[in-house]
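Okay, so here's the structure we're looking at.
The values are calculated or read from the model by the stated rules, or taken from the named source; none is laboratory data. Bear in mind the structure is a predicted one, so any value in this text is a computation, not a measurement. Every residue, glycine as well, gets a Cβ built from its backbone with ideal geometry; the counts of neighbours run over all protein chains shown. Remember, those area values only see protein heavy atoms, side chains included, never the ligands or the DNA or RNA. Shrake-Rupley method; radii C 1.70, N 1.55, O 1.52, S 1.80 Å.
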Amino acid sequence: MVTLDFQAQDIHAKNLYDERYICAVRHDHPIAQQTELTLEQFCQLEQALISYHGGSFSGVTDQALQSMGLQRNVNLSVQNFIVLPELLEQSDLLAVLPERLIGNLPNLKRFEPLLKIQGFTKTLIWHERTHKDPAYKWIRELIEKACLIEEE
């Protein structure tokens, strides 16, 4: 992911989409019949989170909670978003994760977050040496189209 303060003359970048976070549990989780969660429930439920560096039990959600004087119950930290949907389907864990990650997975129930959690922009970056190469241009166009399809 490229940040706004990252700039180099030989790097090209294109924002693909803005992502937001949602809460998810398995479809037959004890709270799945509810239409919304209370902030108290959210903080008490056992949760999993993503830590790219491993071992961390704090992220953007926890920063948002700290500003409110609250803390959640994180029991599991994984290094990859891809494993999280399956973990949720097989446990009573709740997770705050990117909305596109779970798409229309039928085994997961979604809840709107009860607090403002800062999302992120997914950005495609490439080096100048591949900028005009037809094969790289083609793959970039495919990636852009795939991201547009997701938004529809």
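Restricting attention to the range 68-86, and to residues there that are over 15 Å from the mean Cα position of the chain (by Cα) and farther than 16 Å from Ile117 by Cβ, which single residue is surrounded by the most Cβ atoms within 10 Å (Cβ to Cβ)?
Looking at residues that are over 15 Å from the mean Cα position of the chain (by Cα) and farther than 16 Å from Ile117 by Cβ, I get Leu76.
Restrict the check to the range 55-66 and report whether at least one residue is surrounded by fewer than 19 Cβ atoms within 10 Å (Cβ to Cβ), touching a residue at least 40 places away in the same chain (Cβ under 8 Å) and in contact with an Asp or Glu (Cβ under 8 Å, 6 or more places away or on another chain).
Within the range 55-66 (the criterion being surrounded by fewer than 19 Cβ atoms within 10 Å (Cβ to Cβ), touching a residue at least 40 places away in the same chain (Cβ under 8 Å) and in contact with an Asp or Glu (Cβ under 8 Å, 6 or more places away or on another chain)), the answer is no, since none of the residues qualifies.
How many residues are hydroxyl-bearing (Ser, Thr, Tyr) and open to solvent by 70 Å² or more (accessible area, probe 1.4 Å) when one looks only at the range 39-54?
Residues flagged as hydroxyl-bearing (Ser, Thr, Tyr) and open to solvent by 70 Å² or more (accessible area, probe 1.4 Å) within the range 39-54 amount to 1.
State yes or no: is Leu76 touching a helix residue (DSSP H, G or I) at 6+ places or on another chain (Cβ under 8 Å), farther than 16 Å from Leu97 by Cα and not in a helix (DSSP H, G or I)?
No; evaluated as a whole, the condition is false for this residue.
Give me the pairs: first residue in the range 98-118 and on the phi > 0 side of the Ramachandran plot and touching a residue at least 12 places away in the same chain (Cβ under 8 Å), second residue open to solvent by 20 Å² or more (accessible area, probe 1.4 Å) and outside any loop (DSSP other than H, G, I, E, B), beta-carbon distance under 9 Å, and six or more apart or on different chains, which are they?
Gly103/Glu150
List pairs: first residue in the range 126-148 and charged (D, E, K, R), second residue open to solvent by 60 Å² or more (accessible area, probe 1.4 Å) anywhere in the structure, Cβ distance under 6 angstrom, at least six positions apart or on different chains.
Hits for this filter: Glu128/Asp10.
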